[in-house]
Amino acid sequence: MKIMVAVKRVIDYAVKIRVKPDKSGVETANVKMSMNPFCEIALEEALRLREAGHASEVLVVSMGGTQCSDTLRTALAMGADRAIHVSTSHSLFPLTVAKLLQALATSEKPNILLLGKQAIDDDANQTGQMVAGLLQWPQGTFASKVQIDKETVGSVTVEREVDGGLETVKLQLPAVITTDLRLNQPRYATLPNIMKAKKKTITQITPEQLGVQITSDLEILEVFEPPKRKAGVIVASVDELLDKLKNEAHVI
Ligand code: AMP
């Protein structure tokens, strides 16, 4: 079985986001970038499935500018076997990424396509669902447990986090799975594996080679920070609280 994992390079989760002065987007120059945390979880799950003997190859793919290869190198150091970088300087929206993943899945024929449930930069939470729709593969989104079925050959059972609790679905392979926070704890790349990863190949490919035109119906008009919250006040009594809610906040 082959597992393909989509990993996105995003601003590190610990960095305070700054909006560019011209409001065209957020500042990424001289900012620490990392693998999207949900993609790390997706990769960790793929590696565990391979280590458990369910998969023979873990392929990682990333779309974006030249620096994406750093993220792929990290993925190789964590244990992925092979990497493909779809190189483009265009802005990518979820539907375009889904089309690129569809093209890669059609040529690479993975049994499972693993993605993060969302990328923490745009918080879109769309790519996995869109690529499943394009490929017409079943999808198990927000996975908190993934189990390859022994009794039913060619299927996977996914426990997913939904608003009301947990839902269990059985998917026929090939399938798309997106990962939630509680699925696993990703490993760190060890120094020997970082050294070994330098020798692994990252194949460069363009969207044109995949037959995908990068166009979008979406345009970012303006990016701005949310309004600053006003400081709270401590009230001396319930009566004062009621008075403020009624006469200042006008909520009762
Ligand atoms: P999103 O729908 O943008 O929130 O992203 C969900 C998931 O899609 C991410 O966790 C990645 O697995 C995948 N993804 C989105 N954009 C990219 C990209 N540029 N390169 C690789 N994977 C991506």
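Of all alpha-carbon pairs in the chain, indicate the percentage at a distance above 35 angstrom.
Details: 7731 of 31626 pairs.
Of all Cα-Cα pairs in the chain, 24 percent lie more than 35 Å apart.
Legend: distances between Cα atoms for 8/198; 150/199; 8/200; 20/200; pairs beyond 28 Å are 150/199; 20/200. Working note: Debye formula, equal point scatterers on the alpha-carbon atoms of the range 90-192, no solvent; log10 I(q)/I(0) at q = 0.13, 0.16, 0.19, 0.24 Å⁻¹ is -0.50, -0.74, -0.99, -1.30. Measure out, as a whole number of angstrom, how far apart the alpha-carbon centroids of the range 122-140 and the range 1-75 sit. Each part reduced to its Cα centre gives a spacing of 17 Å. Taken over the C-alpha atoms, the range 23-71 has Rg and Dmax values of 14.7, 49 angstrom.
Give the shape of the range 183-252 as rounded, prolate or oblate, defined through the alpha-carbon gyration tensor: a ≥ b ≥ c are the square roots of its eigenvalues, a/c under 1.5 means rounded, and otherwise the shape is prolate if a/b is larger than b/c and oblate if not. Verdict is oblate for the range 183-252. Taking a cut-off of 20 Å between Cα atoms, list the aspartates and glutamates near residue 170, but don't count ones fewer than 8 places away on the same chain. Hits, sequence-local ones excluded: 45, 149, 151, 159, 161, 180. The angle between the Cα long axis of helix 37-51 and the main principal axis of the chain comes to about 30°, on a 0 to 90 degree scale.
By DSSP, the beta bridges lying fully in the chain are antiparallel in about 40 percent of cases.
What number do you get for the range 48-91 when its Cα radius of gyration is normalised by 2.2 N^0.38 Å, N = residues?
Details: Rg = 12.1 Å, N = 44, 2.2 N^0.38 = 9.3 Å.
In units of the 2.2 N^0.38 Å rule of thumb, it is 1.31.
The angle between the Cα long axis of helix 94-108 and the main principal axis of the chain comes to about 20°, on a 0 to 90 degree scale.
Set against the 2.2 N^0.38 Å expectation for a compact globular protein, the range 52-141 has a Cα radius of gyration ratio of 1.08.
Laboratory data are not the source of any read-out in this text; all were calculated from the coordinates shown. Bear in mind that the values here come from a model prediction, so they are computed numbers and not experimental data.
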